[in-house]
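**Q** Please see the structure below; I have some questions.
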Amino acid sequence: MSGKAKRQFKSGIIYRTFEVNRAAMKEDSRSVELSFSSELPVEQYNWEIGRYYEVLDHKPDSVDLTRLNNGGPLLMDHNREDQVGVIESAEIKESRGTAVVRFGNSTRASEIFQDVKDGIRRLVSVGYRVHKLVTEKIENEVETLRAMRWTPMEISIVSIPADASVGIGREDKTIPQTTIEIEDPMKIRSQLLLDPAPATGGGGPATPPAPAAPAIIASRADIAGEFNEMFALCKRHNKTEIYEQALRDGWSPDRLRKELLTKLESLPIEGRAVIDPSSNGDRTRDGQTRAFSIGERLVNSELFRSAAKSNSKSKNIALEIDNVLGMRDIMGDGHTRATLLSTGMTSYDRPPGITVVNQQPLTIAQLLAQGETTASTIRIFTESSFTNAATAVAEEGEKPEATFSLAETDFAVKKIAVIGRISDEMLSDYPAVRDYVNARLGFMVQAKEDNELLNGAGGSSITGILQTGSIQTQAYAGNTIFDAIDKGLQKVRTIAFLEPDAIIMNPTDWGNARRSKDSNGQYYAGGPFSGTYGVGGYSVAGFLWGKPVIETTAIAQGTALVGAFRLGAQLFRRMGLTMEMTNSDASDFKYNRIAIRAEERLALVVYRAASFCTVTGIPNV
C-alpha cells in the first residue's frame with residue numbers, strides 16, 4: 001500500500017456565525033470591520049461521515065480570499081437575491097479572518113445598516129466551501145478535522161445564528177455541491193495490520209517464513225491514542241514539525257515513533273540499551289542495529305502503554321534490558337531492571353471552549369440613539385424657559401415681548417477601562433485562552449457602560465440618566481404598579497411632549513408585576529398556561545401599556561424608569577472598544593506575563609431631562 005489514505009464526501013456551503021462589533025462602525029463611510037472566522041473547533045455533521053469537529057486553518061496558503069477581495073457580496077440571511085452591500089477587503093490577522101464591509105445606499109441597505117447600528121441585528125455569518133480536510137485527532141470516536149484548503153464565498157447579516165446541526169450536506173440542495181477530500185493517516189496503520197503477508201512461490205528450496213505479524217487488529221480509537229501519545233512526546237522534545245509531517249505524509253504511528261527517536265539520537269545520553277536484532281528493533285541505513293536509550297525502551301514498552309491507559313492510581317512497571325554491545329560494562333548485571341512508580345495517572349477529554357459564568361445581556365446602550373465624535377466635549381444649547389407673551393392686540397396697539405432663557409451645556413467624554421494579565425505559558429499552551437480573555441475583558445467594559453448609562457455619578461464617570469437633574473418622578477404611593485407606570489408615561493407625553501419608547505425595570509419588580517392577580521386569583525397578565533386576562537388568546541409578555549419592558553439589575557429594585565430614550569438622549573463614542581497587549585508593564589517582562597487592556601471613550605448627552613420619569617417606591621411583594 002502506498003500514498004495517503006483518503007476519504008471523500010459531498011458538501012455544499014457551510015456557515016459560521018459571529019457577533020458584529022458595533023464599536024468598529026464608521027457611519028460616514030457606512031462601513032464596519034468585522035471578524036468572520038477563527039480557529040475555534042466547531043461541531044459539524046454530515047450524513048456520510050457523521051458528527052465531527054471542524055477547525056479552519058488560518059495559514060495564508062490555506063485560505064483563498066480571492067472571491068471576497070474581488071468585490072464579494074454582503075447579503076441578508078445568505079439570500080443571493082438580497083444584496084445590501086459589498087466586501088471592501090478581507091485578510092487574515094492573528095488566526096482570524098477579518099473583513100471591511102460597506103453598506104449600500106438603497107432603502108433596503110439603509111434599513112439594515114440602521115438596524116446594525118441600533119444593535120437590533122447583531123450577528124454576521126460567513127458562507128464558505130471546504131476543499132481539503134486533514135484528520136488532526138480522534139477522541140471518544142469523534143474526529144477533529146482541520147480544513148487545510150477552504151474558500152469564504154460571502155458574508156451575510158443574519159437575524160438567526162447558523163444551526164450547527166444543519167452542517168455539511170444538509171443545506172439548500174439548489175446550491176452545487178463540491179467534493180471534499182479527507183487525508184487520514186490513521187487508515188494506513190489499520191490497513192497495514194489487516195493486510196496478510198504475501199504468499200511464497202512454489203518449487204525450489206524452502207524459504208524461511210517471514211516473522212509473523214502481530215496477531216492483533218488495532219481499532220481506530222487505539223491508533224488515535226497512539227498518535228495522541230506521540231504528539232505529546234513530540235511537543236515535549238520541541239519536535240512538533242515531525243508530527244505535522246506525519247499527518248501530511250500519512251505515516252503510521254511506528255514510522256512517526258522511529259523518526260522522532262532518530263532525531264533524538266544525537267542528544268547526550270548515559271548508557272544505551274540495545275534492541276536485539278531478532279526483535280522488532282530499528283536498523284540504521286548500513287544494516288547495523290541502532291541502540292535505544294533506556295527511557296526510549298521504557299516509553300515504547302507495552303507495559304508502559306497499558307499503564308498510561310489504565311485508571312489505576314498507582315502501579316509498578318518493570319523493563320528488562322538485554323546485555324548487548326557492552327551493556328554489562330555500563331550497567332553491571334547482564335539483566336538490569338528499570339522500575340517506574342507512577343501515582344495518579346489520569347486520562348481526560350477537553351471539550352473545546354471555556355465554560356464561563358453567565359452574565360445578563362447588555363441592553364441600555366441599545367435604547368439610545370448612537371453617534372460618533374472626534375472631540376473631548378459635546379456642547380449643546382438648551383432652553384431652560386421662555387415667556388409666551390403672544391396675545392391678541394388692537395390695531396396699532398402695543399405688542400407684548402417674549403423672553404427666552406438659553407444656556408450652554410457641556411457633556412464630557414469619559415473613559416471606561418480594565419486590565420487583565422495572563423502568563424506567556426498559558427497563552428502559548430492554550431491559544432483559546434487569549435480569545436476568552438479578550439472577550440471577557442470587552443464584556444466587562446460594556447457591562448460597566450450599561451450600568452454607567454443609568455447610574456453614573458459624574459466626575460470621572462458618565463453622568464447617568466438617573467443622576468441627571470430635572471428628570472421627572474412619579475411616586476408609587478396610592479397606586480398600583482400599573483397605574484404608577486402609566487402616570488409616568490403620561491408625564492413624559494405632557495411635559496416633554498415626546499412619546500415614550502421603553503420601560504426599564506428590575507427583574508424582581510417586573511416579576512411581581514407579571515404575577516399580580518385580581519381578587520379572584522386571576523393573573524392580570526394571563527396565567528402561565530392561559531391567555532390574556534378575561535378574554536383568552538395569547539398574552540404579550542414583556543410589554544406594559546404597549547411599551548417594551550427591559551429587565552436589568554442595573555436599576556435598583558423599587559425604581560422603574562420610563563422615557564423617550566431614542567429622542568431624549570444620545571450616546572456619542574469617541575473611541576470604540578479597543579484591545580491592546582504588552583509584556584512591558586510593571587514587572588510583567590520579568591515574570592513572563594502579558595497585560596491585556598480593554599477600554600473605550602464615550603459621552604452621554606441628555607437633550608431633554610423631562611423625557612425621562614422615574615417611578616419610585618415600588619414595594620417588593
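The values are calculated or read from the model by the stated rules, or taken from the named source; none is laboratory data. Please read these numbers as outputs of a predicted model, since none were measured by experiment. For neighbour counting, all protein chains shown are included, and Cβ atoms are generated from backbone atoms with ideal geometry for every residue, glycine included. Areas reflect the complete protein model, heavy atoms only, side chains present, ligands, DNA and RNA absent. Shrake-Rupley method; radii C 1.70, N 1.55, O 1.52, S 1.80 Å.
**Q** What's the FRET efficiency of GLU499 with ASN140 using the Cβ-Cβ distance as r and R₀ = 51 Å, to the nearest 0.05?
**A** 0.35
**Q** Something else now. Pull out the extension gain between SER461 and VAL621, defined as 0.36 nm times the separation in residues minus the alpha carbon to alpha carbon distance; nm, one decimal.
**A** 54.2 nm
**Q** While we're here: Between PHE381 and ASN21, what is the label-to-label distance in nm when each label sits 7 Å out along the Cα-to-Cβ direction?
**A** Placing both labels 7 Å beyond Cα along the Cβ direction yields 3.9 nm.
**Q** Multiplying the sequence separation of LYS590 and TYR436 by 0.36 nm and subtracting their Cα-Cα distance, what value in nm do you get?
**A** 53.0 nm
**Q** Let me ask something else. Calculate, for ASP249 and MET426, the FRET efficiency according to 1/(1 + (r/R0)^6) with r their C-beta to C-beta distance and R0 41 Å; round to the nearest 0.05.
**A** Here the calculated transfer efficiency is 0.80.
**Q** Sum up the charges of everything whose Cβ sits under 10 Å from the Cβ of ALA502, counting Lys and Arg as +1 and Asp and Glu as -1, but leave ALA502 out.
**A** Local charge sum for ALA502: +1.
**Q** Add +1 for every Lys or Arg and -1 for every Asp or Glu among the other residues with Cβ under 14 Å from the Cβ of GLN370, and state the total.
**A** Summing Lys and Arg as +1 and Asp and Glu as -1 gives +2.
**Q** So, one more: Would you mind computing, in nm to one decimal, how far apart the modelled labels at SER95 and ASN70 are, each placed 7 Å from Cα along Cα→Cβ?
**A** So the two model labels end up 3.1 nm from each other.
**Q** Moving on. Using the Kirkwood radius over Cα pairs, work out the Stokes-Einstein diffusion coefficient for region 442-591 at 20 °C and 1.002 mPa s, in µm²/s as a whole number.
**A** 117
**Q** Let me ask you something else. Using only Cα positions of region 385-476, each an equal point scatterer, no hydration layer, compute I(q)/I(0) via Debye at q = 0.14, 0.16, 0.25 Å⁻¹ and quote the log10 values to two decimals.
**A** Each listed q corresponds, in turn, to -0.78, -0.86, -1.21.
**Q** Out of the total accessible area of region 425-508 (probe 1.4 Å, heavy atoms of protein only), what percent is carbon and sulfur?
**A** Exposed carbon and sulfur together represent 54 percent of the surface.
**Q** Let me ask something additional. Kindly rank 94-102, 137-145 from highest to lowest mean number of other beta carbons found within 10 Å of each residue.
**A** Ranking, from highest mean packing down: 94-102, 137-145.
**Q** A further question on this structure: Any number yet on Rg/Rh for region 1-140, C-alpha, Kirkwood?
**A** 1.03
**Q** For the pairs LYS517/LYS547; LYS414/LYS491; LYS137/LYS590; LYS448/LYS517, flag any whose C-alpha to C-alpha distance is greater than 29 Å.
**A** Over 29 Å Cα-Cα: LYS414/LYS491; LYS137/LYS590; LYS448/LYS517.
**Q** Under 5 Å between amide H atoms, partner at least 5 residues away or on a different chain: which partners does ARG149 have, H built in plane at 1.01 Å?
**A** HIS131, LYS132
**Q** In nanometres, what is the gap between the two model label sites at PHE404 and LYS487, each 7 Å from Cα along Cα-to-Cβ?
**A** For PHE404 paired with LYS487, the spin-label model returns 3.6 nm.
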